[in-house]
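Presented below is the structure to which this report refers.
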Amino acid sequence: MPGASVSINSGIQIDYGDRRYLLDPRDSVPSDYTFVSHAHIDHVHRPKRGAKVLASRETTDLAYARGYDLGETVDQLDSIDLLDSGHILGSRALRIGDEVLYTGDAAGRERAFLGRCRTRRARILITETTYGSPEYVFPSTAKLVKEVNTLISETFDKGKPVILMGYPLGKAQLLCYYFSAWGPLYLHESVARMNEVHRKYGIELKRGKTVDPASSGDGDFSAGPWLMVTPLMRGSSRFLSSLKRRYGAVIVAFSGWATDPGYGQYLGADYAFPMSDHCDYKELLRLVQEVAPEIVYTTHGHAQEFARDLKRLGFTARSLASHQSSLYDYLREP
Ligand SMILES: [Zn+2]
């Protein structure tokens, strides 16, 4: 069988054998199989009726809870392996024969109920490179959890509440897992909705009082310290500035981008911790070495920088920037 060809068509398109696969497309585009790696909004779409969608059951359920009906999905197919990518609940990497490994979004370390991206050897590796630049090296999760517990303890001692902010799917559940021993616990409705799907898959997350900023007033919160988990919001938003003014709430943000010391200030948070569901720079390098590919395609974030660094290390690497329409343009490069 001739080697797979890779091109861009709404998502990444792979032609291999007699099948065409479309990976994480933004629209429903004709193919034999569409692969949805995970349920983050920038990776899901609304497939046309009858489209064959490859996704884990968790991804199908999480997407549905977010308003994306993937239809009847399959999670098994001959010559296909779906490998846990560790990014969020249900996230999968796709391996087509021993020809292609597409990581989707991938984590480089274990966190709570999530593992790290599983790898297998493949001739072609397509990997995300969100943090593919050497300044992005994240501290250990244990160290970070300890620091945050100290911060919450000190803030509670002063009688003030703490608001933890992270993506409502993935990061928020980790924040609930690590820190919900503190209470009373309030959950933003989008976080509570995603927690519910996690519970269905046996992940015990403490229930809290659900808060919808659109309908809740200042008076809905108890006096004294409490903990809330919300999506990332600006500190200057009406909701957060009101909680700050009324209760003296301390706002803490969690993101890989917090490696940049200006990130917390940019967001208007009191504190920011570099906690990520993606690989950091070193973890990306390790992932590439484990797969030992002939060629690496990089997507998202620091795609060009990381491809350049890989070339210096002796790999053949190309970045798949979204504005480029075909990979063949790259193959003509020297
Ligand atoms: Zn993601």
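Bear in mind that the values in this text are calculations on the coordinates, not laboratory data. Everything numeric in this text was worked out from a predicted model, so none of it was measured. Reconstructed Cβ throughout: ideal geometry from the backbone, glycine too, with neighbour counts over all protein chains shown.
What to note about this one:
- Extension reserve of the Lys282-Arg49 stretch, reckoned as 0.36 nm per residue once the Cα distance is removed: 79.7 nm
- In the range 36-153, the inverse of the mean reciprocal separation of distinct Cα atoms equals 15.8 Å; this is its Kirkwood hydrodynamic radius.
- For the range 212-305, applying the loop criterion from DSSP together with a ceiling of 14 other beta carbons within 10 Å to the GluC sites (Glu not before Pro) yields Glu294.
- Values of log10 I(q)/I(0) for the chain across q = 0.07, 0.12, 0.13 Å⁻¹ run -0.31, -0.86, -0.98, by the Debye formula with one identical scatterer at each alpha carbon and no solvent.
- Paramagnetic label zone (point 7 Å from Cα along Cα-to-C-beta, Val137; backbone N under 14 Å) in the range 252-291: 280-286
- Point-charge dipole on Cβ atoms (K/R +1, D/E -1) for the chain, about Cα centre, debye to 20: 580
- When peptides 2-14, 83-95 are sorted by average Cβ neighbour count within 10 Å, with the highest value leading, the order is 83-95, 2-14.
- Nonlocal amide H pairs with Ile12, under 5 Å, H built at 1.01 Å: Leu23
- R0 of 35 Å, Cβ-Cβ distance Asp18-Glu72: FRET efficiency to nearest 0.05: 0.95
- Compactness of the range 141-273 was expressed as the Cα radius of gyration divided by 2.2 N^0.38 Å, which yields 0.98.
- DSSP-assigned coil residues among GluC sites (Glu not before Pro) in the range 28-121, each with at most 11 further Cβ atoms within 10 Å: Glu72, Glu110
- Debye log10 I(q)/I(0) at q = 0.13, 0.21 Å⁻¹ for the range 150-204, Cα point scatterers: -0.34, -0.79
- Extension reserve of the Ser7-Leu313 stretch, reckoned as 0.36 nm per residue once the Cα distance is removed: 107.7 nm
- Dipole size of the range 141-273 about its Cα centre, with +1 on Lys/Arg Cβ and -1 on Asp/Glu Cβ: approximately 100 debye, rounded to the nearest 20.
- Compared with the direct C-alpha span, the chain from Tyr201 to Asp32 gains 57.9 nm at full extension, assuming 0.36 nm per residue.
- Packing-based ranking, highest mean first, of 156-166, 268-278, 123-133 given that Cβ atoms within 10 Å are counted: 123-133, 268-278, 156-166
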